[in-house]
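What follows is calculated from the coordinates using simple rules that are stated; it is not laboratory data. Note that this is a predicted model, so its numbers are computed, not measured. Neighbour counts run over all protein chains shown; Cβ positions are idealised from the backbone, glycine included.
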Amino acid sequence: MIFVTVGTHYQGFDRLIKKMDEIAGYLNDDVVMQIGNTDFEPENTEWFRYLDYNSIFGIMKKSDIVICHGGAGTLLDVLSMNKKTIVVPRLKKFKEVYDDHELELAESLKNGKISIVYDIADLEHHIREFNDSCNGIPRKNENSKLIDFLSGYLKGD
């Protein structure tokens with residue numbers, strides 16, 4: 001299963017949800033999407049707007065691939081679960097966020113095992129590449145200190 005999550009940002013994430021809905025029919029995987037405040041309502045996948053944190057976490061754990069925005073909380077969750085992760089950061093140039101902090105965070109965590117989609121047209125390629133070759137992220141990697149720091153920061157430690 002592929003799980004797509006866009007978090008709770010007030011603007012939604014039409015660019016990702018539309019593209020994923022478009023390609024879902026061509027994939028051999030079930031696709032479930034958390035679409036948040038996105039205006040577009042998918043026709044080719046299961047979807048919901050919001051669930052509580054534990055439910056989202058449970059869906060992530062069951063998924064083979066997680067496709068997400070570049071939010072710190074989401075990235076920490078998928079990294080801690082050793083998930084194949086495709087990050088599609090919201091971008092300032094599309095007026096999806098006020099700056100490119102999601103892109104900057106994703107790039108700081110990139111280590112060859114997290115895939116970052118810079119052009120939404122390449123999303124299907126990233127999914128197929130992960131299905132063919134990626135075995136997930138090691139529990140501890142060269143970014144472990146950053147992950148530990150961000151986890152502590154988000155928890156208020």
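Structure data summary
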| item | result |
| --- | --- |
| DSSP-assigned coil residues among GluC sites (Glu not before Pro) in the stretch 11-62, each with at most 16 further Cβ atoms within 10 Å | 43 |
| The stretch 1-53: trypsin sites (Lys or Arg not before Pro) falling in loop per DSSP and having at most 16 other Cβ within 10 Å | 49 |
| Linear extension gain, residue 46 paired with residue 11, 0.36 nm per residue minus alpha-carbon span | 10.5 nm |
| Per DSSP, loop chymotrypsin sites (Phe, Trp or Tyr not before Pro) in the stretch 13-64 with at most 16 further Cβ within 10 Å | 26, 40, 50 |
| Prolate/oblate/rounded label for the stretch 1-127 (Cα gyration tensor, a/c 1.5) | rounded |
| Whole-Hz couplings from phi, Karplus 6.51/-1.76/1.60, listed for the stretch 116-131; x for Gly and Pro | 10, 8, 8, 10, 4, 5, 8, 4, 4, 4, 4, 5, 5, 5, 5, 4 |
